[in-house]
Amino acid sequence: MRNINIGLLAHVDAGKTTLSENILYNTGAIRSLGRVDHKDTYLDNYAMEKERGITIFSKQARVKLGELDVTLLDTPGHADFSSEMERVLSVLDLAVLIVSAPEGIQSHTRTLWKLLEHYEVPTVIFVNKTDMPGTDRNGVLSELKEGLGKLCVDLENDVESGLEEISSTDEELIEEYLETGTLCDESIKSAIERRQAFPVWFGSALKGEGIGEFLKGIERYAPEPYYDEEVFGARVFKITRSLSGERLTHMKITGGKLSARMVIPESEEEKIDQIRIYNGEKYETVGQAGPGMVVAVTGLSKTAAGQGIGAEKEKVIPELTPVLRYKIITAPGENPLILYGKIKAFEEEYPELSFAWNERHKEIFVNVNGEIQLQVLKSIVKERLDSEISFGAGSIVYKETVRDKVYGIGHFEPLRHYAEVQLLIEPGEPGSGIEFASACSMDILDKNWQRLIETHVMETVHPGTLTGSEVTDIRVILMTGRAHPKHTEGGDFRQATYRALRNALRQALAMGRMVLLEPVYEFTMTLPSKFIGKAMTDIDRMYGKANPPELTGDGNTAILKGTAPVSTFWEYTKELTAYTAGEGILTCHLAGFEPCHNQDEVVSNRGYDPETDMRRPTGSVFCAHGAGFQVPWNEVAEYAHMPNPLDEKSKESLGDGLTIGESARNSQVKDSQTGSHEEKFISIEEIDAIFASQHRNRKEDAVSRRKIYKRGRGSAAWDNKERIISASVDNRGADSGKKEVSGYRGKPALPNCLLVDGYNMIHAWSELKALVGDNIHGARERLVDICSEYQSIVGGEVIVVFDAYLVPGGVGSMKKLKNVYVVYTKEAETADQYIEQATKKKAKDYRVSVATSDHMEQLIVWSDGALRMSAAEFEAEIERARKKLREDFGIH
């Protein structure tokens, strides 16, 4: 027996679920046929699926077909749930595309065909509902050849012509056909696997006609995919929750073997608990799964749809994206922020449901494919969270791109950090997303740094500067960059890369080179011919384009095909139904994104200001006279350390107004106090001197800091901190910058607040470091316990911050455990950033201390008025507090 995964795909109402019932029945997997209208089909077991008569979630069943052990994957046919269908494509060995004979090729059929081509899935076609009056098999086959390709061949009714057409695709097949007058089964299998042939079968799933012949054809011609038996690999395609709430990771084994208790490095070294093979709602557990098998595993909490494991390195990026955006309205009295934190977790199961929080208006938004998806979301929220939600008026999801070349520079140089990146941004092909290339010599920037820059370009969604929408269809070219041999860290290039890309987009905005893209539908409209005039007038009014109408044989029905903006067309179904008295039918699918027909209006209504978007700064951070300073986007080129590698001719092609400037070869070192400029080239040696000078100042600070922390919180010295701090500040002298520690000197006593950099402590304390190897969760819990004990001794507020910077879709959270607050930062926010912001906010009302060994972070929080402790000092402080407690109670 060999494993093969077969997926069923169709446009809505093509009879896909009925066909799946017949396949299960004819292979002996079920004893009786279910019907959609009877609400008793085997795989559509979700309540809303039964109620609406459509498939919403992909399901699997196991059947035996001769020598084939088949995993049958049933996918949704409704366009609203196309993303659910797309996730399955990455694990299919063969797809069955179902086409309704009376309706022929629909717009959604074309979408499916393009996706099958993109994922390179071998495909066969089943033409359903051939029992309907007036069905012309030859006519349908001709339509398939015209609409999907000439390689759609009938191997059931016209074998000779079919074999002749297949043989024409390959020289070896031609030779075989000329010599033998036929093609062997292995040759046909090979042609199907290479997508050089798409066999077509005809039948009626409702009446069971043609099902036997179709299954024999599958058994005979199903491709035989190759798997590496030794090297383990797997492809995750779906995350779900079981009825008991267990997290399930659905995956296909693409090589080697998967065993229970196996450690998965890609999921933070978590172990697999169970391996389940699902058959409808039921499952069996196995100890091991081999190549080709589709399984669901428990025990993994860090996996994501599209992720590769083991030998599967690449992540699958979906082609389809939601185009509609709705505001979620919570029930009266419910905190929307708390609800947002809960429903944000749904994204791992339904990645197409992209949730967003508007901090200014305290509102939740969700991106979806259609209104039926909203009803499903509402049902899930009620079922899982027992919360009632409704939705506001819908809007459109836009994207942005550039119309011409732009150049951007990003520089990140706070204390003891250094990176510079210069990028050229060019328009890409429509639908290409973001592409990356490097024109930078490895003699200038090491290959590892260049790879890191590429990672940072590709790892996240970059907002544009028109509306803050996702940037797409661009080519990003690394022109040059610079690292410091001692002080550059990986995170420095993340900052420099983001700033360079953002700087280029800000340049493009100033030069009028940003383009707003809107989603566009490709539609098929069937309506009585007497309404053709009105329909075409409406299409023109909605900025759409229509092909000449096609009339059916009797001339009473017309078919209009074309494209139109989603923003004007997405509710047209209601209007069409009204004026045709229900006779008009409209089907739409996303054709892609095109330049927005009303860009100025949309941009004005959005009111987005890139300069106030603090998450993605357009400027850079430079360093002079021992201190970092911000440089706005339009002055960055004047301060850049690296010369612009473009020659004069290339720079001219960028157009007027792009401020690269001749002075890019020189650093404009700006004195922050006098405003004067010292113009010179900054060498690595001079940067070293600046860092050395800053390090000397930091060592002096550390001496003063030890005076403060030599005796810990809870001792008499803690109450006299103001005197000690004042003395240490005064003793630094004029050369130290004459800075006072704000919030302490001369002010009344304030409550204490301690901010702890969690992972910094974990990797510095031997007790916690030993736990990391076994379980990072255990290390975190132990640190929280220690901090809780410390707080109970000394009092005050203690906040432990854990960095979740690289967690995709992370929304951040704060919860109180015992007597301390535990914070997980959101995606793209480091613990350092959170601590800096918290220090600024709390400095007015609290006596803030920060425990971290990050030197840069210490300086930043010190400048904001906080006290500083290294990891070693905090560990010693905790022990002193424990010792004092024992002494106070006479415990030895």
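If you check I409 against the conditions, is it at pLDDT 90 or above, more than 21 Å from the chain's Cα centre (by Cα) and either closer than 30 Å to V476 by Cβ or not hydroxyl-bearing (S, T, Y) (or both)? Yes: the conditions hold for I409. Inside the stretch 233-266, residues that are farther than 18 Å from E281 by Cβ and among the acidic types (D, E) make up a count of 1. Restricting S567, S529 to those that are over 25 Å from R403 (Cβ atoms) and either without any contact (Cβ under 8 Å) to a residue 40 or more places away in the chain or not β-branched (V, I, T) (or both) reduces the list to S529. Residues in the stretch 867-892 that are within 16 Å of I786 (Cβ to Cβ), open to solvent by less than 50 Å² (accessible area, probe 1.4 Å) and in contact with a Phe, Trp or Tyr (Cβ under 7 Å, 6 or more places away or on another chain): M869, A871, E873, E877, I878, A881.
Pairs are defined by a Cβ separation below 9 Å, a sequence spacing of at least 6 or placement on different chains, a first member in the stretch 625-637 that is within 16 Å of R416 (Cβ to Cβ) and of a type in the set (F, W, Y), and a second member that is open to solvent by 50 Å² or more (accessible area, probe 1.4 Å) and part of a loop (DSSP other than H, G, I, E, B); the pairs so defined are F629/S672. Going by the conditions given, is G233 at pLDDT below 95, under 38 Å from the mean Cα position of the chain (by Cα) and farther than 22 Å from G66 by Cβ? So G233 fits the description; yes. Please go through the stretch 318-347 and pick out each residue that is of a type in the set (D, E, K, R) and either at pLDDT below 85 or within 23 Å of A79 (Cβ to Cβ) (or both). Within the stretch 318-347, E319, R325, K327, E347 meet the criteria.
Filtering the stretch 50-81 to residues that are part of a helix (DSSP H, G or I) and touching a helix residue (DSSP H, G or I) at 6+ places or on another chain (Cβ under 9 Å) leaves R52, A79, D80, F81.
Scan the stretch 500-509 and tell me whether some residue there is at pLDDT below 95 and among the aliphatic types (A, V, I, L, M). Taking every residue of the stretch 500-509 in turn, none turns out to be at pLDDT below 95 and among the aliphatic types (A, V, I, L, M).
Being open to solvent by less than 10 Å² (accessible area, probe 1.4 Å) and among the hydroxyl-bearing types (S, T, Y) holds for only one residue in T17, T109, and it is T109. Within the stretch 469-511, being under 16 Å from Y608 (Cβ atoms) and open to solvent by 30 Å² or more (accessible area, probe 1.4 Å) holds for E470, R506, L509, A510. Residue check: Y226 meets all listed conditions (1) farther than 30 Å from L33 by Cα; (2) of a type in the set (F, W, Y); (3) surrounded by 16 or more Cβ atoms within 10 Å (Cβ to Cβ) but one, namely (3). Being open to solvent by 30 Å² or more (accessible area, probe 1.4 Å), of a type in the set (K, R) and touching a residue at least 24 places away in the same chain (Cβ under 8 Å) holds for only one residue in K405, K447, and it is K405. How about the stretch 765-806: which of its residues are outside any helix (DSSP H, G or I) and either more than 21 Å from S853 (Cβ to Cβ) or not aliphatic (A, V, I, L, M) (or both)? Correct list: W765, G773, D774, N775, G795, G796, E797, F802, D803, Y805.
Results for (1) part of a loop (DSSP other than H, G, I, E, B); (2) more than 33 Å from the chain's Cα centre (by Cα), shown as yes or no for each residue.
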{"site": "Y821", "(1), (2)": "no, no"}
{"site": "Y824", "(1), (2)": "no, no"}
{"site": "Q833", "(1), (2)": "no, no"}
{"site": "S853", "(1), (2)": "yes, no"}
{"site": "W862", "(1), (2)": "no, yes"}
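Residue-wise test of (1) at pLDDT 85 or above; (2) over 24 Å from P751 (Cβ atoms).
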{"site": "A828", "(1), (2)": "no, yes"}
{"site": "A851", "(1), (2)": "yes, no"}
{"site": "Q858", "(1), (2)": "no, no"}
{"site": "V861", "(1), (2)": "no, no"}
{"site": "M869", "(1), (2)": "yes, no"}
{"site": "R886", "(1), (2)": "no, yes"}
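Inside the stretch 235-265, residues that are assigned to a strand (DSSP E or B) and either surrounded by fewer than 19 Cβ atoms within 10 Å (Cβ to Cβ) or hydrophobic (A, V, I, L, M, F, W, C) (or both) make up a count of 13. Comparison of I453, I474 shows that the only residue that is of a type in the set (V, I, T), farther than 28 Å from E575 by Cβ and in contact with an Asp or Glu (Cβ under 9 Å, 6 or more places away or on another chain) is I474.
Residues considered: K561, K545, K530, K534. Of these, the only one that is surrounded by fewer than 22 Cβ atoms within 10 Å (Cβ to Cβ), among the basic types (K, R) and in contact with a helix residue (DSSP H, G or I) (Cβ under 7 Å, 6 or more places away or on another chain) is K534.
Of all residues in the stretch 500-517, which are more than 11 Å from V406 (Cβ to Cβ) and under 20 Å from the mean Cα position of the chain (by Cα)? Scanning the stretch 500-517 gives R502, L517. If you go through the stretch 116-131 and keep only what is touching a Ser or Thr at 6+ places or on another chain (Cβ under 8 Å) and surrounded by fewer than 22 Cβ atoms within 10 Å (Cβ to Cβ), you end up with L116, Y119, T130, D131. Scanning the stretch 81-92 for residues that are touching a strand residue (DSSP E or B) at 6+ places or on another chain (Cβ under 6 Å) and either surrounded by fewer than 20 Cβ atoms within 10 Å (Cβ to Cβ) or within 22 Å of H589 (Cα to Cα) (or both) yields R87, V88, S90.
Among the residues of the stretch 477-521, write down those that are of a type in the set (G, A, S), more than 24 Å from A437 (Cα to Cα) and not in a loop (DSSP other than H, G, I, E, B).
Passing the criteria: only A510.
Residue-by-condition table, conditions (1) open to solvent by 30 Å² or more (accessible area, probe 1.4 Å); (2) of a type outside the set (G, A, S); (3) touching a Leu at 6+ places or on another chain (Cβ under 6 Å):
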residue	(1), (2), (3)
H589	no, yes, no
C596	no, yes, yes
Q599	yes, yes, yes
R606	yes, yes, no
Y639	no, yes, no
M642	no, yes, no
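Go through T573, T618, T612, T577 for me and flag whichever is of a type in the set (S, T, N, Q) and open to solvent by less than 40 Å² (accessible area, probe 1.4 Å). Matching residue, one of T573, T618, T612, T577: T618. The condition of being at pLDDT below 95, charged (D, E, K, R) and either in a helix (DSSP H, G or I) or open to solvent by 40 Å² or more (accessible area, probe 1.4 Å) (or both) holds for only one of E435, E426, that being E435. Within the stretch 823-866, being farther than 12 Å from N760 by Cα, touching a helix residue (DSSP H, G or I) at 6+ places or on another chain (Cβ under 6 Å) and open to solvent by less than 10 Å² (accessible area, probe 1.4 Å) holds for T825, T839, V848, V861, A866.
Taken over the stretch 60-80, the criterion of being surrounded by fewer than 22 Cβ atoms within 10 Å (Cβ to Cβ) and of a type in the set (D, E, K, R) is satisfied by R62, K64, E67, D69.
The values are calculated or read from the model by the stated rules, or taken from the named source; none is laboratory data. In this text the structure is predicted, and so the values were computed from the model without any measurement. Don't worry about glycine lacking a Cβ; one is built from the backbone with ideal geometry, like all the others, and counts go over all protein chains shown. Calculation scope for accessible area: heavy atoms of the full protein, side chains included, ligands and nucleic acids excluded. Shrake-Rupley method; radii C 1.70, N 1.55, O 1.52, S 1.80 Å.
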